[in-house]
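Working notes, structure below.
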Amino acid sequence: MDHPILLTPKERESLIFIISYIAEHGYAPSINDVADAAHVAATVGRSRVAALMAKGYIRRDVRRSRTMVVLRNEDGHDVEPPHERERAS
């Protein structure tokens, strides 16, 4: 693992929300869900998701909703994608 780029406290909060949401619901939150959880406007939620993508913590297909995949946890450690865990079983 290369050294992760550190998150701001607000980015970290959003990442933890995304991880928790996926664990609870089985699918990724929408941009609006991320914004609502942080009590900010959708444009701010979109900016936080974009920052997490730029820093390599998540990836998503910007053409489709609810496609966020967590690549690194809030401590910067790589996370094994769900499809890889299924193959290992």
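The values are calculated or read from the model by the stated rules, or taken from the named source; none is laboratory data. On a predicted model such as this, the values are computed, not experimentally measured, just so you know. Using ideal geometry, Cβ is built from the backbone for each residue, glycine included, and neighbour counts are taken over all protein chains shown.
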(request) Search segment 44-89 for residues being on the phi > 0 side of the Ramachandran plot and small (Gly, Ala, Ser), and hand back the single one that is modelled with the highest pLDDT. (result) 56
(request) Take segment 7-27 and flag every residue that is assigned to a loop (DSSP other than H, G, I, E, B), over 17 Å from residue 56 (Cβ atoms) and touching a residue at least 24 places away in the same chain (Cβ under 8 Å). (result) 27
(message) Anything in segment 29-80 that is touching a strand residue (DSSP E or B) at 6+ places or on another chain (Cβ under 9 Å) and crowded, with 16+ Cβ neighbours inside 10 Å? List them, or say none.
(response) 49, 52, 55, 57, 58, 60, 68, 70, 71, 72
(request) Would you mention how many residues in segment 28-49 are farther than 17 Å from residue 59 by Cβ and of a type in the set (D, E, K, R)? (result) 2
(request) Sort out which residues of segment 1-25 are exposed (fewer than 11 other Cβ atoms within 10 Å of the Cβ) and either closer than 20 Å to residue 76 by Cβ or at pLDDT below 95 (or both), and write them in order of number. (result) 1, 2, 3, 6, 9, 23
(message) Criterion first (under 22 Å from residue 9 (Cβ atoms) and of a type in the set (Ser, Thr, Tyr)) does residue 67 satisfy it?
(response) no
